[in-house]
Structures are given as C-alpha cells and as structure tokens.
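The values are calculated or read from the model by the stated rules, or taken from the named source; none is laboratory data. Just so it is clear, the structure is predicted and the values come from calculations on it, not from any experiment. Backbone-built Cβ (ideal geometry, glycine too); neighbour counts: all protein chains shown. We work out accessible area using only protein heavy atoms, side chains counted, and drop any ligands, DNA or RNA first. Shrake-Rupley method; radii C 1.70, N 1.55, O 1.52, S 1.80 Å.
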Number of protein chains: 2
Amino acid sequence: MSARSQSAAMEGSGWYNRHSSMQAAGNERAMAYWKDALEKVPVGGENIVIADYGCSQGLNSMKPINAAIDVLRRHVGAERPVEVYHNDLPSNDFGSLFQVIAGEPSSYMAAHGNAFPFAIGRSYFEPILPPASVHAAWNSWTIQWMSKKAADAPDHVFGGMSGVAEVRAAVAGQQAADWGDFLNLRSRELRPGGRLLSIFPACTPERRGWEYLGGELWEAVLDIHADGLIELHETHRVTIPTGVRSLADVRAPFRDSGRFAGLEIEHAEVLDGPDMFWEDLQRTGDVKYFASGWAGMARGFAGPTIANALDETRDRSAIIDAIFQRYEARLAANPQRHEHYFAVVVLAKVGER
Amino acid sequence: MSARSQSAAMEGSGWYNRHSSMQAAGNERAMAYWKDALEKVPVGGENIVIADYGCSQGLNSMKPINAAIDVLRRHVGAERPVEVYHNDLPSNDFGSLFQVIAGEPSSYMAAHGNAFPFAIGRSYFEPILPPASVHAAWNSWTIQWMSKKAADAPDHVFGGMSGVAEVRAAVAGQQAADWGDFLNLRSRELRPGGRLLSIFPACTPERRGWEYLGGELWEAVLDIHADGLIELHETHRVTIPTGVRSLADVRAPFRDSGRFAGLEIEHAEVLDGPDMFWEDLQRTGDVKYFASGWAGMARGFAGPTIANALDETRDRSAIIDAIFQRYEARLAANPQRHEHYFAVVVLAKVGER
C-alpha cells in the first residue's frame, strides 16, 4: 500500500460550481448555526476578516459570506472594510472563482461595497493567514479530504469501506491526525472570539452512508477494467482519499479538558443529508435526470483524483468520460436514495480581544 | 473605430514566466531606486503589506518582493508577519503564480518565514486593497496596457505608431486618463509614507522606440492576411492596446502643485532599454536564438490579445502559431537591435502615520 498521490483539486472550468447542489443543500441547513456564531464574534477597530477554507470555485461560499458581512457589519457599521480570503489548493480553478466573485448576482461584491476578495493557492495543512487575523471562518465539504492518501484500497473507491482492516485503520488514523492539524492551524489564525464553522461528511453510530453512490462508482471502475481500458493495479490506485467522521471522532481532541488548541466546541451534530435528485425522481419519474445529477456531482469531486491515479500513458479524459458514463448508466438502472450524513461543527477561539 | 476588446492576460501555462527576460533586465535597473524608496517607508506595529500590481505569473516579482521584505523587516524585526498581495486580471494564470510562490528557489516563501501570499484577480482600475493598507507597491511592465482599447489602428499593431492622427490622439488620451486613474486608486491603498515604484515602456523627447519589433510584428500579421488565413478587418482589430509615455506624460498630473492625489514624485527617469538577445547575437552569431527569443517575448505579451481579436470561428491557436512563426522568420532574416526605453517612477504617499 502506498500513499503516492496527493489530493487533487475539484473538476475545473466551473464544473464543480454547476454540480455541487448537494453541498449547497447541506450548507443551507448550517446557516442558522453560522449566523448564531457570527453574532458572538467581537469586532474592534480593525477591518473585518472572513476566511473561506477550501473554496473550490466559490459559488457555494457566497451565501455564508454575505451572511457574515451582514452580521459583522451590523455592530461596526456598513462602511467598515471587509477582507475575504478564499483558500484552496494551488491547482484549484481560481479563474472560475474570480469570475464568480466579479460576475455572479449572488456574489458579496454585488451586495456589499468596500469588500476586498483575495485568493490563497496553498494547502490549508500549512499556515495560510497571519496569526490572530480571522473573525469568521467558513469551511464546507473539504475536511473529508485527507492531507495524503492513507492507503490504496484493493476493493473500493473509499478506503473506509474496504474489506481490508489495515486499510480502514490507516484511513481512520490519517483522518484523526488531519483533524488535529486543521484545528491547530486554524486556531492560530482566528482572533480571540473568532468562530469557525465546519461542515463535512459524517456517520452516525449506526449508519455509515455512501454505500449506494460509493458502491456503484467502484462497480463502474471495475466495468472499465473488465472492458480492458485500465489495468488491475490502476483500479487499486483510484482510491479517493476521503472519509467520514463520527461525532466521537470530532470530539476526540477535546476529550480531556473540553478545549483543544485554544478552541472550544460550541455546537456539533450529525444531520441526515438531503437527496434532491431522489426527491425530484419521486415527483417526475425522470431517472435520466436523477442519474446524471449524481454522476455529475461525483465527477466534480472525484474526477481529477481518479484521473491522477491512472497510468501516465493513458488518455485520461477519455477514461474519466467512460467511467462516469458507465456510472450514470448504473445509477439509472438501479435508482436508490443516496443515504448520507453530515456534521455541522461550530468552534470558538477562546480568549479576550 | 471601436473599442470592442479589453486587454487580455499574458500567455498562460507559465509561458510569460519563461519569456520575460527583457522585463527582468529592466527591473534589475530599477532595484537601487526600489531599495532607496523602501528605506523611507515607516512601519508601526502592523503587519507589513506588500502589493504587486500586475503580477502576471510572478517570477519577475520575486526579487523586488524579497528586497522589500529584507528592508522593511530590518526596522521591525524578522518575525513581523508579511502579507504579499499579487494582483492581475481575473483571466491571469494564477495556477502558475501559486506554483512559483510555492516552488521556485527564488520565491520569498523559500527565503522568509511568516510570509503570507495572496492573489487578487481583478482589474487594478478598480479598488483592490483596503484603504491605507500598503507599505510598498511594485508595478512593473503593466501600465502600458490601457484600461480599454482606445482605437483600432488600420496600419500597425500599436495605435501610437499609426499614420492616422485620430488613432494616435485616442491612444494618448486613454493613456493620460489611465495614468491619473491608476495614481488615484493606488494612492488610496497606500499608507502614509508608503512607496509605489512603477516601471513601464517610455519614450524620450527624440526617440519613440519599438519601431523594429513592432514594425515586423505588423508585417507578420499582413503576411498571414496575404496568405488568406485572416481577413482585412481582423488585421485592423489586432491593435495591441499598449503605448509608451514620456517623462512629460508622467509628470503631467503633478504639474500644478507638485502633488497629485496625495502623491509626490520622488524619482522619475527614462532609461535606454537593454537588448540581451542582440548582445548574445554579437557574441555568438546565433540568429535563430535571437529571433526565437524576441518572438517568444512578443508572444508572451501579445499572443492572447491578438487571439481575442480574431473572428470567433477561427482556429485561434493555429493562427497565433502561424503569426509568430512568420514573425520569428522575419526577425531572423533582418536582425536589428531592439531600440526601446523605459521609465522608472517612484512615488511617495504624503502624510504622517
């Protein structure tokens, strides 16, 4: 088992923006907690600083950032300059991000004057903002991505669903380490009283979720192998370095004292995730729309990672097309509700201004 | 005459970084003025803020930014956090920029700890940083690009070298307006005592420069038209929206009071530009290297703009290849020294901290 490949960015050219309605629906459920958290953030004479950790192409960040500007300026006046820092990997599609910021009607640049957008193309497993600078930090649907692949699974696209115990253990260990590192780094960047909200795929004590969408994706990879398009060793490498966390995993670093790295948990819960495509299917019977909707979403997050796992001599885009065509056909032939869960965690930086 | 096309970004995929040694040589000549200016910038308890207006893919910015960090930290200690803001158009190749920042040995991230790089994909003819935030601003080889094309020249790639008087007047008017707008906007972003250094193509009272490289590029465009690859109306639209400024143009806004928009000129001069490829040619006789060097440089700054001027049905990259192949052949057949001039202007923001 090797850890050869790093996480890739999301599918580019705006694809992720067009295929991330699952993530947007989850964000919607977190908005009330976000606004409550923002109300408690003290702002002095300094510019307001909002961080968007793992922004991808930015569309889903507009609503929470607008909310943050609204709430934080209510205390200090509408003229206070706002700095918004969007972070993602260097390979992220920052061109699409800047287009969204400049051109989308939902952009905070359309709604608010005196706001200044910036991008940071650097892994958030390094320091990316100056110490004690951030009032409000938004992090949605990113921390399921491990800082590196923990193990290649020979039998699934998700290591956490492998039948091999040591693969599952490697994933769990990496996820625990990443959560601690992320909290440590973000805590240094938050101002005293600053808040961080994080949303990510989760599991309940009883249910893991993702069996349907993950299982069919693995079968589509096997289909392509059976067709002779890729070799067996490539199927092992397509392991997508993501995983789910339980509430116990979330709370683990805080176990001893209730604090970790100067942070306290203000709220943590696991919610049942929505399946908008399934709801549409019940109403319309349009199985093609259902299948293309989920296939597009999965390609948005998994396509570049799978492409990087293929042998370098491959026509990677043709193979990715083939995998996701097969995947879409499988979903259409066997439509099921996508069972999944997600966590909403609100953290407060301890200390006085 | 229309002003249909906006400036395009530099050639992507790192091309500009590999073909901008002319610009780098000019920057080298400005470094002494930059360091002198930095010595006079007051820094209080705040983070050091350095702005790089018009960064392109960033390689040529590394040396001046390293110098700024060195000089500004000398007064406040090596631990002071430094924020570096790299600005260019939304369509800029920010992926290459972030790779340079993270991976180049010359990057300030390699030489200095506690430095935080950011990108801003937005025209600098808008506000892009919060008021009174910038200690040191670097701007090299960008302000020759007009905020919009002033006019299509029917007889040259540069409107300022057209035989049509109203084309030349439109260029001069646009350049004067842009210089004033740029100074106004940057002045708001500088801290009191902050310094802005700007380098850009210039002319002397006697000599304009760029006759050789500009003239041969226009001839290459005409060659491609003669070959039937593009139509006459397309040759008119390839006008590159750049121009040169004289010292009188630079000083014009400051004429009445010595100040403009809270800025004072600390230094302004026009220097004779280098031609490294010509010097190499004298030594080696390698005319192919000479021609491909200048053709690569010209493609770096002009390729995307020319591509945007072509009819939308064209195979644009094939035509750009054809133009620059023809251009390279012309330069090889008629090698001359590239006569050009550039201005180095240092501006100080008036006022106490």
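In summary, the range B:14-131 shows an alpha-carbon radius of gyration equal to 1.04 times the 2.2 N^0.38 Å reference for compact globular proteins. Note on the protein assembly as shown: dipole from Cβ charges, positive end direction compared against B:GLY296, B:TYR327, B:ALA226; the farthest Cα belongs to B:GLY296.
For the range B:116-205, the relative contact order comes to 47 percent (Cα pairs under 8 Å, sequence separation of at least 6).
Among A:LYS149, B:LYS40, the sequence by solvent-accessible area, most first, with a 1.4 Å probe is B:LYS40, A:LYS149. On C-alpha positions alone, give me the angle between the axis of helix B:165-189 and the longest principal axis of chain B, in degrees, nearest 10. Approximately 20 degrees, to the nearest 10. Taking square-rooted eigenvalues a ≥ b ≥ c of the alpha carbon gyration tensor, is the range A:177-234 rounded, prolate or oblate, where a/c under 1.5 means rounded and, failing that, a/b exceeding b/c means prolate? The shape class here is prolate. Over chain B, Cα pairs under 8 Å with separation of 6+ residues give a relative contact order of 23 percent. When the helices of chain B are scored as -39500 (n - 2.57) per DSSP H run of n ≥ 4 and the total is divided over every residue, the value at 222 nm lands at -14000 deg cm²/dmol.
From the C-alpha coordinates alone, can you work out the Kirkwood hydrodynamic radius of the range A:148-218, in Å? After inverting the mean inverse Cα-Cα distance, the result is 14.2 Å.
Each 10 Å bin from zero holds the following percent of Cα-Cα pairs in the range B:258-308: 20, 26, 23, 22, 9, 0. Note on the protein assembly as shown: the C-alpha convex hull projects to 34.1 nm² when averaged across all orientations.
Placing unit charges on the Cβ atoms of the charged side chains and taking the dipole of the protein assembly as shown about its Cα centre, the candidate lying farthest along the positive direction among A:GLY214, A:PHE277, B:ALA172 is B:ALA172.
Lysine pair count for the protein assembly as shown (Cα-Cα distance under 21 Å; residues 8 or more apart in sequence or on different chains): 8.
A:HIS75 label point (Cα plus 7 Å toward Cβ) to equivalent points in the other copies: 3.3 nm, shortest first.
Each semi-axis of the equivalent ellipsoid for the range A:170-307 is √(5λ) with λ an eigenvalue of the Cα gyration tensor; in descending order they amount to 34, 21, 13 Å.
Each Lys and Arg contributes +1 and each Asp and Glu -1, all at the Cβ; summed about the Cα centre of the protein assembly as shown, the dipole is approximately 1800 debye. Inter-chain neighbour count for B:78-89: the average number of beta-carbon atoms from partner chains within 10 Å of each residue's beta-carbon is 2. Between B:GLN325 and A:VAL164, the simple label model (points 7 Å from Cα in the Cβ direction) yields a spacing of 5.0 nm. Working from the Cα coordinates of the range A:19-82, the gyration tensor eigenvalues give, after taking √(5λ), semi-axes of 24, 13, 9 Å in decreasing order. Just to be sure I follow the definition: excluding the sites themselves, where is the longest run in chain B that has none of the GluC sites (Glu not before Pro) in a DSSP loop with at most 12 other Cβ atoms within 10 Å? After excluding every exposed loop site, the longest remaining stretch is B:80-205.
Helix A:316-333 and the longest principal axis of the C-alpha atoms of chain A enclose an angle of approximately 80°. Placing a label point 7 Å from the Cα of B:LEU271 along the Cα-to-Cβ line, no residue of the range B:105-126 has its backbone N under 19 Å from it.
For the range A:280-332, what does the accessible surface come to per residue with a 1.4 Å probe? Please give it in Å². Result: 44 Å² per residue. Annotation note: trypsin sites (Lys or Arg not before Pro) in the range A:156-226 located in DSSP loop regions with a Cβ neighbour count of at most 16 within 10 Å are A:ARG207. Here the extension length gained between A:ASP70 and A:GLU279 equals 72.0 nm, from 0.36 nm per residue of separation less the Cα-Cα distance. Whole angstrom only: what separates the Cα centroid of the range A:238-306 from the Cα centroid of the range B:289-353? For the range A:238-306 versus the range B:289-353, the Cα centre distance is 48 Å.
Between this copy and the others, label points of A:GLU339 are 8.1 nm apart in ascending order, each placed 7 angstrom from Cα in the Cβ direction. For chain B, give the percent of accessible area contributed by carbon and sulfur heavy atoms, probe 1.4 Å, rounded to a whole number. Of the solvent-accessible surface of chain B, carbon and sulfur hold 50 percent.
Size of the range A:92-230: Rg and Dmax of its alpha carbons, in Å, are 19.3, 57. Size descriptor for the range B:88-148, Kirkwood hydrodynamic radius: 13.7 Å (Cα pairs only, one decimal). Heavy-atom accessible surface of the range B:117-259, averaged per residue, reaches 34 Å², computed with a 1.4 Å probe.
For the range A:126-155, accessible area lost to neighbouring protein chains reaches 50 Å² or more, against the chain alone with a 1.4 Å probe, at A:PRO130.
Sorted shortest first, the distances from the B:ARG283 label point to those of the same residue in the other copies are 7.2 nm; each point sits 7 Å from Cα along Cα-to-Cβ. In chain B, the alpha-carbon atoms span a convex hull of 131 Å³ per residue.
Chains B and A together bury roughly 1700 Å² of accessible area, counting both sides, with a 1.4 Å probe on protein heavy atoms only.
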